[in-house]
Amino acid sequence: MLPHALELVDEWRRERERAGRILVALDFDGTISQIVPDPATARLLPEARAALERLARRDDTVVAIVTGRALRDIKARVGIPDLYYAGNHGLEIEGPGVDVVNPEAERARPSIAACRNVLAPILAAIPGAILEDKELTLSLHHRMVDDPGAVDRLRGYVAELCAADPAVRSFEGKKIIELRPSVAWDKGSATRFLLETLERVDDVVVPAIFIGDDRTDEDAFRALRGRGAGVIVDPAPPPDTAATSYVESPTAVVALLEKLAD
């Protein structure tokens, strides 16, 4: 059984004090925002905003939002200055001294656009389905689709597209199918990149905490094994999670951030 993350706060504070700095990286949806049927209506919890602002004011804490949402989208939804923002699973990252887009993902833009053109009329014909075009990636949301057969057919269309174009691959999350460039990069890679960026400045090993709720966050949990902590947001964490602790809900994430900000 994983320990509850609130039980580990004192340990993480001591690690921050020893190193002089800690990275706190978080997913957005289901972590500091409640899961909602339509992703366009998701909002940062007001209590999470206050806690993140407190953390960001600390000289010994660096905050990053690492999400599948597009960079422009997540910056608009959070809007706190001096944070690192990693959009599209880290394919695009901005923050203090950083402004990068993965070059392989850039080259795959035409393939992603071609998939969008094929899938747009298909999703338009499925009640409740939403196609989110994030330019570097596509998200196919089926949380509001009542017909399981339609979701299976959608998976089939995506499989055909990926088989026809090796520049594109698919992933599944909670009620979502994603099309991304065939690039060896994910939330774990992005988190390690941020750590390496900080360590070049500080010349010290920087501890890290990653908090997230979905399958794609497992990449970050695995990337931090042996050098950081992974916190899964789930009242009943799956036995195969790579996280090292858990909290039950976004509300519990806020409580954790508040304690780290103290």
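The values are calculated or read from the model by the stated rules, or taken from the named source; none is laboratory data. Note that the coordinates shown come from a computational prediction; the quantities given were computed from them, not determined experimentally. All Cβ positions, glycine included, derive from the backbone under ideal geometry; neighbour counts span all protein chains shown.
List of remarks:
- Yes/no for residue 198 being modelled with pLDDT under 95, surrounded by 18 or more Cβ atoms within 10 Å (Cβ to Cβ) and out of contact with any Cys (no Cβ under 9 Å at 6 or more places or on another chain): yes
- Residue check for residue 262: touching a residue at least 40 places away in the same chain (Cβ under 8 Å), surrounded by fewer than 16 Cβ atoms within 10 Å (Cβ to Cβ) and either under 19 Å from residue 15 (Cα atoms) or of a type in the set (Gly, Ala, Ser) (or both): no
- Of the strands (runs of 3 or more DSSP E) contained entirely in segment 46-117, those carrying at least 1 residues that are farther than 20 Å from residue 256 by Cβ and in contact (Cβ under 8 Å) with a residue 24 or more places away in the chain fall at 84-87, 92-95, 98-101.
- Residue ID - nearest to the chain's Cα centre (by Cα), chosen from residues in segment 24-52 that are among the acidic types (Asp, Glu) and buried (at least 16 other Cβ atoms within 10 Å of the Cβ): 27
- Only residues that are under 20 Å from residue 107 (Cβ atoms), of a type outside the set (A, V, I, L, M) and part of a loop (DSSP other than H, G, I, E, B) were counted in segment 133-165, giving 4.
- Exclusive hit being among the aliphatic types (A, V, I, L, M), on the phi < 0 side of the Ramachandran plot and in contact with a Lys or Arg (Cβ under 9 Å, 6 or more places away or on another chain), set 118, 100, 78: 78
- Qualifying residue in segment 169-181 (condition: closer than 30 Å to residue 239 by Cα and more than 17 Å from the chain's Cα centre (by Cα)): yes
- Residue check, residue 140 at pLDDT 95 or above, in contact with a helix residue (DSSP H, G or I) (Cβ under 7 Å, 6 or more places away or on another chain) and not assigned by TED's automatic domain parsing to the domain that holds residue 62: yes
- The sole residue among 104, 92 that is under 28 Å from residue 133 (Cα atoms) and within 17 Å of the chain's Cα centre (by Cα) is 92.
- When segment 8-35 is filtered for residues that are among the charged types (D, E, K, R) and either assigned to a helix (DSSP H, G or I) or farther than 14 Å from residue 231 by Cα (or both), the ones remaining, listed by number, are 10, 11, 13, 14, 15, 16, 17, 18, 21, 29.
- In segment 146-168, the residues that are among the charged types (D, E, K, R) and surrounded by 16 or more Cβ atoms within 10 Å (Cβ to Cβ): 165
- Residues of segment 10-69 satisfying the condition of being among the aromatic types (Phe, Trp, Tyr) and farther than 18 Å from residue 218 by Cβ: 12
- Only one entry of 98, 62 meets the criterion of being within 19 Å of the chain's Cα centre (by Cα) and either outside the structural domain of residue 229 (by TED's automatic domain parsing) or surrounded by fewer than 18 Cβ atoms within 10 Å (Cβ to Cβ) (or both), and that entry is 98.
- Residue count for segment 203-259, restricted to those that are acidic (Asp, Glu), in a loop (DSSP other than H, G, I, E, B) and free of Cβ contacts under 8 Å to residues at least 60 places away in the same chain: 4
- Just one residue in the set 125, 105 is modelled with pLDDT of 95 or more and more than 30 Å from residue 53 (Cα to Cα); that residue is 105.
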